[in-house]
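First the structure, in the form of structure tokens, and then the observations on it.
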Amino acid sequence: MKPIRTIGDILPTRRDLLRYGGLGLAAASAETFLPLRVRAATTTPSKFRPRGNAKNVVFYEISGAISHLESFDFKESPGMPKDIQVSKLSTGIYFPTNFFPNISRVMDKVAIVRSFVSHEEVHLRGQYYVQAGRPLNVAFAKEIPSLGSVVASELEARRRESDTFPTYVSFNLETNQVGALSTGFLPPQYSVFDLNPQQALKGMSLDQKATELLEERWRVLEGLREINRERMKGFGRGVEAYEDFSVTGKKLLTDRRWPAAFQISDDDRKRYGNSSPGISCALARNLLRQDAGTRYIHICQHGWDHHRRIWDKTTDDNHYALIRDFDPALAALIEDLAATPTKGDATKSLLDETLVVFMSEFGRTPGPLNFILGRDHHKYVFPAMFAGAGVKGGTVRGASDADGRFCTDTGWDHKEQPRIENVVATIYSALGIDWSKEVHNTPSGRVYPYVDPLGANGIIPIDELSGIYGG
Amino acid sequence: MKHLHILFVGAAVCLAADDKPPSTSSQATPDISQMPAAVHSPLFQSKKPTQAGVLTERVTSGLAKPDASAVPRRNFIDNHIFGKMQRDGIPHAPLATDREFIRRVSLDLTGRIPSSNEIQEFLDDPSKDRRARLIQKLIESPAFGDKWAYFLMDTFRANGKMMRGVSLFHMMLKDSLMADRPYNDLAGSIMAASGKSNYVVAAANPIVREHVEGKPGEADHADDLRKIHQMDTHDELAILFGKVFLGMNLSCIACHDGKGHLEKVNVYLSTKKRSDFFRMAAFMGNTRYIPHVENKEAKMGHFTVDDLAPGYDTKGDSMLRIKRFGGPSAPKFILNDEAPRPGAEVREELARLLTSDPQFARATVNMFFAKLMGVGIVDPYDEFDLARQDPNNVPNGWELQPSHPELLNALADDFRKNNYSLHRLFSVICNSSAYQLSARFPGEWKESYTKYYARKFVRMLSAEELHDAIATATSRPGNFGGARRSSAQAVANGEEAEVSQPVQMAMQVAAPRNSGELKSFMQAFGQANRGTPARPSQPSPLQPIMLMRSSVVTDRVLAAKDSRVQRLLDSYKDDGKVVDELFTATLARPPLPEERTLATSVMAKSRTEGAQNVQWALLNLVEFLYNF
């Protein structure tokens, strides 16, 4: 029987840790970082064989919830806007092509699963669910890491000597209700780099002059640090470790690949759209193209919560406006990833190595619009979309009823509808992570399973959605 | 007792022959408080077989059995803390120097770094009790109200869910803190608050904040109670009051019995049932949360709160939790099973029962003790396990929860006896030698020393403190809006145009509403958005990048817009003086000789850019980012 591995076994040596982030700052001298026991399915053989078909994941959170009825699970309804034009795509799917002209072009690469269900109807809980991969439990929330942080800790061993970029990057995560979740029981080095895309363009793209200035200032800083090195030692490990982070940060800023990733052309702005989601997607493409260590990118486009005047063009804020930003951004991202050959194998594209997932935290109420001309939250059935990493595009799995209200076909072998937990399993599998793992020795003592079968109301199957790969 | 302390330091000064005495002091007997830190350092690092090294060994090994006379025991806190260290043979740090102390206590009590004038005034104060006088001055300052009002706003997660009530609530908290309103009175007013509108009754805002929305859709009429899930809101309030006022996490038993779930988590709560929780929530059972309705739309943040509901329905459905299963619904206070007196207002009774329960005082003193000392006697401070508080009665397989059970009781007693005065509580804690220990620990630190408070724990500045420290150090205040001008009409009427000052410090803001670069900066440093469950403010690799590149810093280091760099360059021809002032304003200390040499040489190459770069470097030192 193999011994239980500790996080220490999975993590590289201290020397390697210094490559990115150092020891981390679990301590303000007051806490200790206990090595966590990760039980990696060693006592019973895991029934899961992770696919390992993806190097990267892009998760686009359509936050606030897009109306599935007028997008990826189109249904005629009394509330549908008059100007919507639905066409049958070459793949046989009915899709509002005039609303999504760009995404229509890439739908042959996208697999839709229309049978999702959520426990949650409330944004904060739903958005938490999407980011943490499990329902919010306020009793333990402090120690629960985001999915991206767990991925970062798992992929740490794969970071190369040359990797300087943070593994887990997000855009606009702080704009959703739940914000960017912490690393929970994991050390701080796996924390997300949450960026505001417009600010990042300004702050991260150092030109020659800015780089020189930074180097000059850094010399002064290093000089002062050297003078104080002995004196600062007496304050404990946490303070030392901060300086590790600082060194890593500077390395990142002066690694020419990082500022290069934050340059976008006028053509990019046109194709992706000069909006926040557009710039986020362009930057995501850049980060992946640099192949410098970023592997998990979470893009959040918030604001879809149109309880009122969802299809009213006279308001500033309606679904039309958000679709106008979303449509070119996501399409350009998928197209550009598909057009980028990978470094190793010219026949494969960056899209072949990247699993793209886009979904909301739930759907919107079907049928007629509500009393303020909007749609409200709907958890009983809603779709999630997948592309890249060998996903068989142009397919649909699962179905809802004529209204788009309830599920009529779960789209896989189980009678239960798939949930976010299954997206989590799919993501882990694609990255080659065995999702049957559990972490013991959390601060609360409660076991943290990588994928939680309990859900909010009972046991759910924790399979991945292998159907999206065809066959 | 003081004698030994001086000997401890003084000896090193005499015998560390390699070190020159600092140029700041020419007295025969060096004033320890003026010593730059470099003089102390050979004490802790030198292993060379010099006399200084030998003396260091002797002195530090002497610390292994802490001499009661080495650090004065100023109050009952010290008796407990140093007494325990003495009994268990735990070494401790020496007292912090005056310079370390003034910066630390200013940040801890008011969230601000001290100005050069304030530092000099303090160091020049000849009185023996100058630290006590400084503490008193800080507690009585408006910035004390700012910092602790902000803390309470974070605790109550005060945000847009209070709509316009958020500023009123903030103002009320600040006024209460500055007036040293008895904390039991403040807490009681929040629990029992009711009124036509939370825009008028400040204390009702936390209640409004916790509302759980009901079914979406039109409001039938102005009193449409279905827009709010009444039962779930009762539950949320029971959880809130349990957490904030009793330091207990009742959210688990809000869903299920403790038995079968909490045996490994919380022994006391594992004996409680969901029905006990219902009966605690039942104190809110008569309360109605009625949103104001405009154009058939309910305003989710503008409420009437009254007590005309029939009572808690233990069979009511839930939006957030497992269905309620029935059972007794008469209110019963969870800690002592007491019922409200017949005829009394039920929530007033909750206020009375809760604030008079010993756990209220214990949780409160522990929470503020944790904030000031870095770790609570019970930690985390909202996870009390009441079955593990008595040293003579600890359940099998468990440890006693409080590190200093008698001290916790003593603090709670003192708090009660002094009419729940927060000013007094803060004063007693900050005046203790335990609080005033240095963060630098001589010798090898062991994790097991943590529970003894053997040193002061360092902490990273909060996002708000950091912003304000940067603004103060560089003399470039922030702008958080809030400036009010007279209306054009008033001016037209001949009234004098009135302009009130805009809010310049992050700590003065009622609820953060930043955007753009400032928002990115504040969030990187852990600013709470008060919507989500509180997340631990943790370090991240993005933080040093922010300090290096964010305009929050880079804009302020420039010799422009009347910044400190600009003013110093204009006022002083002597680069050394500019450097001295930059260090004091930023780090609350003068430069070490080597630092001064380095900084002036940087300025010699290019005066303006050099000064800017020095200012930048100072803001990027870990010494600036942390409170020691």
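When B:Met153, B:Met191, B:Met162 are checked against the criterion of being within 15 Å of the chain's Cα centre (by Cα) and open to solvent by less than 10 Å² (accessible area, probe 1.4 Å), a single residue qualifies: B:Met153.
Residues in the stretch A:291-334 that are open to solvent by less than 10 Å² (accessible area, probe 1.4 Å) and more than 20 Å from A:Tyr129 (Cβ to Cβ): 16 in all.
Within the stretch B:593-615, the residues that satisfy the criterion of being open to solvent by less than 10 Å² (accessible area, probe 1.4 Å) and facing chain A (nearest Cβ under 9 Å) are B:Glu595, B:Ala599, B:Gly610, B:Asn613, B:Val614.
In this entry, A:Phe99 is excluded by the filter for residues that are touching a strand residue (DSSP E or B) at 6+ places or on another chain (Cβ under 7 Å), modelled with pLDDT of 95 or more and among the aromatic types (Phe, Trp, Tyr). Consider the stretch A:122-162 and keep the residues that are among the β-branched types (Val, Ile, Thr) and modelled with pLDDT of 85 or more. The one that is nearest to A:Ile459 (Cα to Cα) is A:Val130. Against the test of being open to solvent by less than 10 Å² (accessible area, probe 1.4 Å) and hydrophobic (A, V, I, L, M, F, W, C), the options B:Ala298, B:Ala344, B:Ala339, B:Ala281 yield a single qualifying residue, B:Ala281. The selection criterion, being of a type in the set (Asp, Glu), farther than 26 Å from B:Leu587 by Cα and either out of contact with any His (no Cβ under 7 Å at 6 or more places or on another chain) or in contact (Cβ under 8 Å) with a residue 12 or more places away in the chain (or both), holds for B:Asp88.
Out of all the residues in the stretch A:242-274, which are more than 8 Å from chain B (Cβ to nearest Cβ) and modelled with pLDDT under 85? Before you say what the answer is, go through the steps one by one.
So in the stretch A:242-274, the residues more than 8 Å from chain B (Cβ to nearest Cβ) come out as A:244, A:247, A:251, A:254-274.
Of everything in the stretch A:242-274, just one residue is more than 8 Å from chain B (Cβ to nearest Cβ) and modelled with pLDDT under 85, namely A:Asp244.
Filtering the stretch B:207-239 to residues that are in contact (Cβ under 8 Å) with a residue 24 or more places away in the chain, within 12 Å of chain A (Cβ to nearest Cβ) and part of a helix (DSSP H, G or I) leaves B:Asp232, B:Asp235, B:Glu236. Note on the stretch B:423-515: enclosed helices (runs of 4 or more DSSP H) holding 3 or more residues that are at pLDDT below 95 and open to solvent by 10 Å² or more (accessible area, probe 1.4 Å) are B:488-492. If you check B:Leu582, B:Leu558, B:Leu542, B:Leu568 for being of a type in the set (A, V, I, L, M, F, W, C) and more than 20 Å from B:Ala611 (Cα to Cα), only one passes: B:Leu542.
Are any residues in the stretch B:312-336 open to solvent by less than 20 Å² (accessible area, probe 1.4 Å) and either closer than 24 Å to B:Lys196 by Cα or in contact with a Lys or Arg (Cβ under 8 Å, 6 or more places away or on another chain) (or both), and if so, which ones? Passing the criteria: B:Tyr312, B:Thr314, B:Gly316, B:Arg324, B:Gly326, B:Ile334.
A:Pro197 meets the conditions (1) touching a Phe, Trp or Tyr at 6+ places or on another chain (Cβ under 9 Å); (2) open to solvent by 50 Å² or more (accessible area, probe 1.4 Å); (3) more than 8 Å from chain B (Cβ to nearest Cβ) in every case but one. The failed one is (2).
Among the residues of the stretch B:250-288, those identified as touching a Pro at 6+ places or on another chain (Cβ under 7 Å) and among the aliphatic types (A, V, I, L, M) are B:Val267, B:Ala282. When the residues of the stretch A:143-169 are filtered to those that are out of contact with any helix residue (DSSP H, G or I) (no Cβ under 7 Å at 6 or more places or on another chain) and not in a loop (DSSP other than H, G, I, E, B), the one that is farthest from A:Phe262 (Cα to Cα) is A:Glu143.
Taking the stretch A:282-320 as the range and being basic (Lys, Arg) and under 30 Å from A:Gly374 (Cβ atoms) as the test, the residues that pass are A:Arg308, A:Arg309, A:Lys313. Taking the conditions (1) touching a Gly at 6+ places or on another chain (Cβ under 7 Å); (2) open to solvent by 10 Å² or more (accessible area, probe 1.4 Å) in turn, A:Pro145 satisfies each one other than (2). You will find that of B:Leu587, B:Leu547, the residue that is within 12 Å of chain A (Cβ to nearest Cβ), under 30 Å from A:Glu174 (Cα atoms) and modelled with pLDDT of 95 or more is B:Leu547 and no other. Pairs are defined by a Cβ separation below 6 Å, a sequence spacing of at least 6 or placement on different chains, a first member in the stretch A:374-392 that is away from every other protein chain (no Cβ under 14 Å) and over 25 Å from A:Val58 (Cβ atoms), and a second member that is open to solvent by 20 Å² or more (accessible area, probe 1.4 Å) and modelled with pLDDT of 95 or more; the pairs so defined are A:Tyr380/A:Phe406.
Pick out, from the stretch B:564-628, the helices (runs of 4 or more DSSP H) lying fully within it that include 1 or more residues that are within 30 Å of B:Tyr435 (Cβ to Cβ). Write out each step before concluding.
Numbers: elements: B:564-571, B:575-587, B:593-605, B:607-620, B:622-625.
So the answer is B:575-587, B:593-605, B:607-620, B:622-625.
State which residue is nearest to the other protein chains (Cβ to nearest Cβ) when the search covers only the stretch B:295-348 and only residues that are among the acidic types (Asp, Glu) and under 36 Å from the mean Cα position of the chain (by Cα).
Keep residues of the stretch B:295-348 that are among the acidic types (Asp, Glu), which gives B:297, B:306-307, B:313, B:317, B:337-338, B:345, B:348.
So of that shortlist, the ones also under 36 Å from the mean Cα position of the chain (by Cα) come out as B:306-307, B:337-338, B:345, B:348.
Working: B:Asp306: 26, B:Asp307: 27, B:Asp337: 24, B:Glu338: 26, B:Glu345: 29, B:Glu348: 28 Å.
Filtering the stretch B:295-348 for residues that are among the acidic types (Asp, Glu) and under 36 Å from the mean Cα position of the chain (by Cα), the one nearest to the other protein chains (Cβ to nearest Cβ) comes out as B:Asp337.
Which fully enclosed helices (runs of 4 or more DSSP H) of the stretch B:123-204 have 2 or more residues being among the hydrophobic types (A, V, I, L, M, F, W, C) and over 30 Å from B:Lys299 (Cβ atoms)? Even if it seems obvious, please write down each step before you answer.
On the way: elements: B:130-139, B:142-155, B:165-178, B:183-191.
Of the helices (runs of 4 or more DSSP H) lying wholly inside the stretch B:123-204, those with at least 2 residues that are among the hydrophobic types (A, V, I, L, M, F, W, C) and over 30 Å from B:Lys299 (Cβ atoms) span B:130-139, B:142-155.
Of B:Leu568, B:Leu621, which residue is free of Cβ contacts under 8 Å to residues at least 60 places away in the same chain, at the interface with chain A (Cβ under 10 Å from one of its Cβ atoms), of a type in the set (A, V, I, L, M) and surrounded by fewer than 22 Cβ atoms within 10 Å (Cβ to Cβ)?
Details: B:Leu568 fails: at the interface with chain A (Cβ under 10 Å from one of its Cβ atoms).
The conditions single out B:Leu621.
Which residues, counting only those in the stretch A:430-471, are open to solvent by less than 20 Å² (accessible area, probe 1.4 Å), under 21 Å from A:Phe59 (Cβ atoms) and in a strand (DSSP E or B)? Across the stretch A:430-471, the qualifying residue is only A:Tyr448.
Regarding B:Leu262, is this residue open to solvent by less than 10 Å² (accessible area, probe 1.4 Å), without any contact (Cβ under 8 Å) to a residue 60 or more places away in the chain, hydrophobic (A, V, I, L, M, F, W, C) and not in a helix (DSSP H, G or I)?
yes
Yes or no, residue by residue, for (1) on the phi < 0 side of the Ramachandran plot; (2) open to solvent by less than 10 Å² (accessible area, probe 1.4 Å); (3) of a type in the set (Lys, Arg):
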site: A:Phe171; (1), (2), (3): yes, yes, no
site: A:Gly184; (1), (2), (3): no, no, no
site: A:Lys209; (1), (2), (3): yes, no, yes
site: A:Glu212; (1), (2), (3): yes, no, no
site: A:Leu224; (1), (2), (3): yes, yes, no
site: A:Arg231; (1), (2), (3): yes, no, yes
site: A:Gly234; (1), (2), (3): yes, no, no
site: A:Glu243; (1), (2), (3): yes, no, no
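When B:Lys417 is tested against (1) within 24 Å of B:Ser106 (Cα to Cα); (2) more than 10 Å from every other protein chain (Cβ to nearest Cβ), exactly one condition is not met: (1).
The values are calculated or read from the model by the stated rules, or taken from the named source; none is laboratory data. Not measured: the values here are computed from a predicted model. All Cβ positions, glycine included, derive from the backbone under ideal geometry; neighbour counts span all protein chains shown. Quick note on the areas: whole protein, heavy atoms, side chains included, nothing else; ligands and nucleic acids left out. Shrake-Rupley method; radii C 1.70, N 1.55, O 1.52, S 1.80 Å.
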